[in-house]
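Worksheet for the structure shown next.
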Amino acid sequence: MQSRRDFVDLVFRAAALPGAAEFFSAWARAANPHEHGSTAPPEPQFLRDYKPKFFEGDDFEALRAFTEILIPTDDTPGAREAYCAHYIDFVLQASDIVPGLQKQWRAAMAALKQAGFHSADAKGRQALVEAMSKPERDHSTSHPAYFAYRLIKQENTFAFYTARAGMIEALDYKGNSYNLQFPACAHPEHHVI
């Protein structure tokens, strides 16, 4: 399994690829408007018309579906609004410099396909993700695609919480700002600056 350091290194290498400025610029601003009146920017055409750089079309669509199951859209944005699959795909095109990473992702997508994820309907995919994740909760069980689940979950989480949709809209990150109050803290002595 790749390390967090490998993936961060890969992100920096991907930033030097042709088209990286356009991709990261669109991705950093992206978040689909929500029904509850969010003022998120409109969906960039670049991401709407995105063509996978690393994955084949069916693998990319499976990855998209998988990421959206892991972080669904509810009253806050999910992996769809954060374009997590797009991010993972774009970064992985630089993966030839990290030994074994391309092979690892190809094996993960093959495991998903073999488990029937690619051909399953929405309910079937949900059930498969549940089954693949079971070893995480019950160490006495196993699943042949568990490694694929862990790999996708790890990079999906990274992509989501570094995206505008995850960081700003879901976590309500305000940036480097000075807080005069800490409403989440219940201790009155911590409300005095």
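Just so you know, all these numbers are worked out from the coordinates, no wet-lab data involved. Quick caveat, the model's predicted, so the values are computed rather than measured. Every residue, glycine among them, receives a Cβ derived from its backbone with ideal geometry; neighbour counts consider all protein chains shown.
Taking each residue as 0.36 nm, the span from residue 104 to residue 189 lengthens on full extension beyond its C-alpha to C-alpha distance by 25.5 nm. Checking the Cα-Cα distances for 103/153; 103/134; 103/123; 113/153; 53/123 against a 21 Å cut-off, the pairs over it are 103/134; 103/123; 53/123.
If you bin all the Cα-Cα distances of region 83-168 at 10 Å, starting from zero, the percentages per bin are 16, 42, 35, 7.
Were the residues from residue 75 through residue 9 laid out at 0.36 nm apart, the gain over their Cα-Cα distance would be 20.5 nm. Remark: the residue 141-residue 22 segment gains 38.5 nm on full extension, using 0.36 nm per residue and subtracting the alpha carbon distance. Label positions at residue 58 and residue 121, each projected 7 Å from the Cα along the C-beta direction, are separated by 2.0 nm.
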